[in-house]
Amino acid sequence: MGVRVDRRRSACATMITMTTLRTERVGCGDAGEMDLHVWTPEGGGTAAVLLIQEIFGVGPYIRSVAERLAAAGYVVAAPDVFWRFAPNWEADHTEAGMGASMEKVQQLDFTAAIGDCVAALAHLGAIAPGPTAPGVLGYCLGGTLAWAVAATAAPSCCVSYYGSGVPGMLGLIDQVSCPTLFHFGNADAYIPNEGVEAVGAAIAGREGFVLNVENAGHAFDNHESEMFYHADAAKAAWAKTMAFLGQHLPAR
């Protein structure tokens, strides 16, 4: 554990944050224990967010997102989703890194991963008790897992960025009781617009469900990736995310 001063350009702005970062262990039944990386803002926090990784692991991008959230006053925890077969996996945000990461995804037991993330949510709630349960936020693979966690557990809210599995999991919607914000791009090569339209149709008339569609492709928030990053879409979606969290899971 130590104090980290981070000067990095995020999707929104250059900012200076001061957080403490530590790694905790979360029991996952007979399989063993998973690493859970925890960021605590200076002075502590009264609200918490479970941050679920993309296929590239808990690498520089996810760590940067965690520090953005910590700078806003949230305790943030990111589980090592691939821990059962590739502990602490990190890949570069390149064509080669994406290919290697896609191979890792093929090894993922999705049901077990949901259970692991639910366990991480419970652990976060125990170590960062506040007036409300932690929220869940995920990107890409994590966006799909975040939706599954919202349907399985009881987070205070859910933010799902371009979860490719979400359109095929809309049958879970009646199990989701928390406010949920979906972000998609209308030029996503991995998620057809028909899938995004299906999400919009499924949530129509349901209080607390919001669909945001940016003029961008997949993984538009990932400022570590020259392949995907779209600065304008990232900035706009992040502003909506922070407004949504401010409404449903206010920090401090």
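Where a number appears in this text, it was derived from the coordinates with a stated rule and is not lab data. All figures in this text were calculated on a predicted structure; none of them were measured in a lab. Note that we place each Cβ from the backbone using ideal geometry, even for glycine, and neighbour counts take in every protein chain shown.
Among the chymotrypsin sites (Phe, Trp or Tyr not before Pro) in the stretch 69-131, those located in a DSSP loop and surrounded by at most 11 other Cβ atoms within 10 Å of their own Cβ are F85. Normalised by 2.2 N^0.38 Å, where N is the number of residues, the alpha-carbon radius of gyration of the chain equals 0.92.
Taking every alpha-carbon pair under 8 Å whose residues sit at least 6 apart, the stretch 48-149 reaches a relative contact order of 42 percent. With contacts taken as Cα pairs under 8 Å at a separation of at least 6 residues, the stretch 2-248 carries a relative contact order of 16 percent. DSSP finds beta bridges in the chain, and of those with both partners inside it, around 50 percent are antiparallel. Would the stretch 147-198 count as rounded, prolate or oblate if I go by the C-alpha gyration tensor, calling it rounded below 1.5 in a/c and otherwise prolate when a/b exceeds b/c, oblate otherwise? It comes out prolate by the Cα gyration axes. In a simple Cβ point-charge model (Lys, Arg +1; Asp, Glu -1; nothing else charged), the chain has a dipole of about 780 debye relative to its Cα centre.
Neighbour counts of C-beta atoms inside 10 Å place R63, R206 in the sequence R206, R63, starting with the fewest. Spin-label model, M102/L170: points 7 Å from Cα along the beta carbon direction are separated by 2.6 nm.
Cβ crowding within 10 Å, taken as a proxy for footprinting-reagent exposure, orders E54, E214, E90, E95 from fewest neighbours to most as E95, E90, E214, E54. You can think of it this way: the chain between A204 and M242 has 11.5 nm of extra reach, that is 0.36 nm per residue less the Cα-Cα gap.
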